[in-house]
Amino acid sequence: MKSKKIASLILAASMLVSLAACSGTGKKTGDDDKTKETTEETTTEATTESETEETTTATEKDGGISELPDPSDETSETSKATDATEASSESSESKADSGSTFTGKIIDFDDMHFFVNGKKYTLGKTTLQEMIDDGVPFNAKDIKNASAEIKKNSQSLNGFGIECDKFWSPSVYVMNLSSEAKPMSECVIYKFYMHSIEMNYKNGANISFDFPYKLSMEDLIANAGEPKNATDKVHDEGTNGNYSDTFRYRQKSTKYLGSREFSFYFKKGEISRITLTYIP
């Protein structure tokens with residue numbers, strides 16, 4: 001009986017030891033799993049951070065922050081292009097002002113004309129009334145005489161001033177080419193006289209021609225040649241250096257006594273006055 005009790009105690013002790021062992025092993029395994037999970041999380045985070053750093057570095061290096069165009073370079077190129085364009089534009093304007101870009105025909109006795117506010121008026125064809133109807137700003141005092149009659153085959157002695165400058169107004173003159181008297185407003189313009197080209201352009205520039213208003217003597221000669229008669233090219237030394245040159249290009253009229261004429265007056269080398277005269 002005593003032996004059975006001892007055996008039971010030994011068996012119970014063995015079971016307790018076995019349970020303790022099992023319990024210790026289970027706890028260790030849990031810790032290992034937890035350690036493993038922590039390690040995996042740490043490793044993943046480290047890897048992610050590493051990949052992010054590598055990606056960022058690669059983007060900064062390969063993505064071309066260093067390869068992106070320098071704004072200052074782009075501005076510089078734009079500035080250069082702008083400067084080139086402006087220089088070209090200034091050069092073109094300079095040529096246009098000097099008349100060197102004009103390649104048309106300056107002297108044309110069959111089509112003698114001028115422009116007012118961009119509209120063309122032709123000598124021997126346009127009537128004074130047409131210009132009045134177009135609203136050409138004639139001098140109020142002059143235009144009052146438009147209704148006065150002029151004899152057949154006659155010319156007006158006084159012109160009709162076009163308001164352009166307070167002191168220098170271009171003028172048009174009319175001619176009655178019919179066989180009876182008629183109002184001057186119904187007569188054709190036969191003469192255009194421009195007193196001061198410089199003042200005209202300083203005060204509105206509403207009068208123009210096919211050729212540049214800053215026509216030079218050199219460009220005139222290059223385009224039209226020298227006047228045929230020596231007396232049609234006059235140089236005057238003047239006084240105090242105020243020299244002048246006059247060029248007259250004429251063609252004999254076929255119906256009336258007189259001639260068709262382009263007259264250019266240069267003062268100190270610059271175009272100053274122009275007169276166009278048309279007689280059939």
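Below, the figures for the structure above:
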item	result
Solvent-accessible area per residue, Å², over the range 140-280 with all protein chains present [probe radius 1.4 Å]	56
Sorted peptide list for 188-196, 106-114, 151-159, criterion being average Cβ within 10 angstrom, highest first	188-196, 106-114, 151-159
Entries of K152/K191; K119/K144; K125/K255; K119/K141 with Cα pairs more than 21 Å apart	K119/K144; K119/K141
Ordering of 270-276, 222-228, 119-125 by burial proxy (mean other Cβ atoms within 10 Å per residue, highest first)	270-276, 119-125, 222-228
Whole-percent carbon and sulfur share, accessible surface of the range 161-280, 1.4 Å	48
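The values are calculated or read from the model by the stated rules, or taken from the named source; none is laboratory data. Quantities reported herein were computed from a predicted structural model and do not represent experimental measurements. With ideal geometry, Cβ positions are generated from the backbone for all residues, glycine too; neighbour counts draw on all protein chains shown. Please note that ligands, DNA and RNA were not included when accessible areas were found on the heavy atoms of the full protein model with its side chains. Shrake-Rupley method; radii C 1.70, N 1.55, O 1.52, S 1.80 Å.
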